Amino acid sequence: MERETLEMDVVFVGAGPANLSGAFHLARLIKNYNEAVAKGERPGEALGEIEIGVIEKGASVGAHILSGAVMDPRALRELMPDFVAQGAPLESTVNEDYFLYLTKNRAIRSPITPPPLSHDMKRAIGGAELVVVPRAGHLSSIEQAAAFNAALAQFLEHRV
């Protein structure tokens, strides 16, 4: 049996955010290094064409990510300063956040939000939807399976 092969210098396994960022950053470092060598700003030889591969088992990049994510854009801004101008699918900026203590029957608002849970300067990712599943806590897919499955089916119906 003959198999097709592709020669790669660097391979990232999985097309999640960390590996995509790593591949992008590595490509930029190589480009900057080669340019610096060509201008005589750096000793040594240029690395030349480096083949960087990202392998994903899903049908497409992000196929295994189901998210209504809120992200802190600082790391993305460091990697790609013009990500908004390039059309990043951002829906909205988070303008308010608070921390709730959940009991069996109540939600009690805390007077402070712990810093690690603060959404200061975070943005909602495009296509995300907030669905509140009544009478469920952190495990809505188990605690209220029928409601969770209905919400998920409705979400996917509009995107697949």
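The values are calculated or read from the model by the stated rules, or taken from the named source; none is laboratory data. Just so it is clear, the structure is predicted and the values come from calculations on it, not from any experiment. A quick note on method: Cβ atoms are made from the backbone with ideal geometry, for glycine too, and the neighbour counts reach across all protein chains shown.
Tabulated data for the structure shown
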read-out: Leading residue by the ranking (farthest from residue 78 (Cα to Cα)) among those in the stretch 26-62 that are in contact with a helix residue (DSSP H, G or I) (Cβ under 6 Å, 6 or more places away or on another chain) and touching a residue at least 40 places away in the same chain (Cβ under 8 Å); value: 50
read-out: Among (1) modelled with pLDDT of 85 or more; (2) not in a strand (DSSP E or B), the one test that residue 54 misses; value: (2)
read-out: Residues being outside any helix (DSSP H, G or I) and surrounded by 14 or more Cβ atoms within 10 Å (Cβ to Cβ) - total across the stretch 15-41; value: 2
